[in-house]
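Visitor: Would you mind keeping the following structure in view while I ask a few things?
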Ligand SMILES: [Zn+2]
């Protein structure tokens, strides 16, 4: 594992890079070069947990599965206001959907991006803030599936997309830092089952904690949910613009 100092340095470099790219985008827009294509971007919005899987639990009976669904619906509402984005909920109600089903649905419906929404957990008075995860080859446990076949194994679908996922996560961190008064726990690689199995850039956002009274109160406010949704939408718009200009980092064989 990286030392905390190194990890912080990486975050700072990451933020600087994202800041420079964002400034470049603003400049392009100011001189009229920031037009994007009309291609519709399909964004799969995954509300974590559901049904009997309630996720984390807060006081007064509120559960993670309810907050993630409310956030997901709000995000779809905001994304729908962008003409060239077509959002789709992976889970539309309080149903129980396995991680394989979620990945299968996102792949089958040809999503261009996936955003999975979760909450964190804390048992200390320190706020959790938010953390954004992406899958990377360095985090992957050895796969049981041999990769000699020309068909990519089901549990390695994310491999061609992970660098774009990292950029999306970094853009999302930047927008959230501007939009909500919460600290970032960072943009972190993790071997997350769902992310590893989707055939598109994908991130998982852990937003606050129901165990923390102040964060729990914020998370239940529709205005706060809308602010988060707008920040995520802005990050997706910037991501798309950078991607179309070929400014996202090229994929390398290994990290
Ligand atoms: Zn969760």
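The values are calculated or read from the model by the stated rules, or taken from the named source; none is laboratory data. These numbers were taken from a predicted model, which means no experiment stands behind them. No Cβ is skipped: glycine too gets one built from the backbone with ideal geometry, and neighbour counts run over all protein chains shown.
Visitor: How many of the residues making up the stretch 97-128 are modelled with pLDDT of 95 or more, within 16 Å of the ligand (Cβ to nearest atom), more than 13 Å from residue 202 (Cα to Cα) and touching a strand residue (DSSP E or B) at 6+ places or on another chain (Cβ under 7 Å)?
Guide: Count: 3.
Visitor: Something else about it: Looking for whichever is more than 24 Å from residue 66 (Cβ to Cβ) and modelled with pLDDT under 95 here; the options are 213, 184, 254. Which one fits?
Guide: Values: 213 fails: more than 24 Å from residue 66 (Cβ to Cβ); 184 fails: modelled with pLDDT under 95.
The unique qualifying residue is 254.
Visitor: While we're here: Which ones in the stretch 38-77 are more than 30 Å from residue 245 (Cα to Cα) and part of a strand (DSSP E or B)?
Guide: Scanning the stretch 38-77 gives 47, 50, 53, 57, 63.
Visitor: Residue check, residue 95 against (1) more than 17 Å from the chain's Cα centre (by Cα); (2) at positive phi, all met but one. Which one?
Guide: (2)
Visitor: Look through 234, 225 and report the one residue that is touching a helix residue (DSSP H, G or I) at 6+ places or on another chain (Cβ under 6 Å), modelled with pLDDT of 95 or more and over 27 Å from residue 101 (Cβ atoms).
Guide: Working: 225 fails: over 27 Å from residue 101 (Cβ atoms).
The match here is 234.
Visitor: Looking at (1) closer than 21 Å to residue 224 by Cα; (2) in contact with a helix residue (DSSP H, G or I) (Cβ under 7 Å, 6 or more places away or on another chain); (3) more than 15 Å from the ligand (Cβ to nearest atom), find the lone condition where residue 67 falls short.
Guide: (3)
Visitor: What's the number of the only condition in (1) crowded, with 23+ Cβ neighbours inside 10 Å; (2) over 29 Å from residue 39 (Cβ atoms); (3) touching a helix residue (DSSP H, G or I) at 6+ places or on another chain (Cβ under 6 Å) that residue 55 fails to meet?
Guide: Just one mismatch for residue 55, condition (1).
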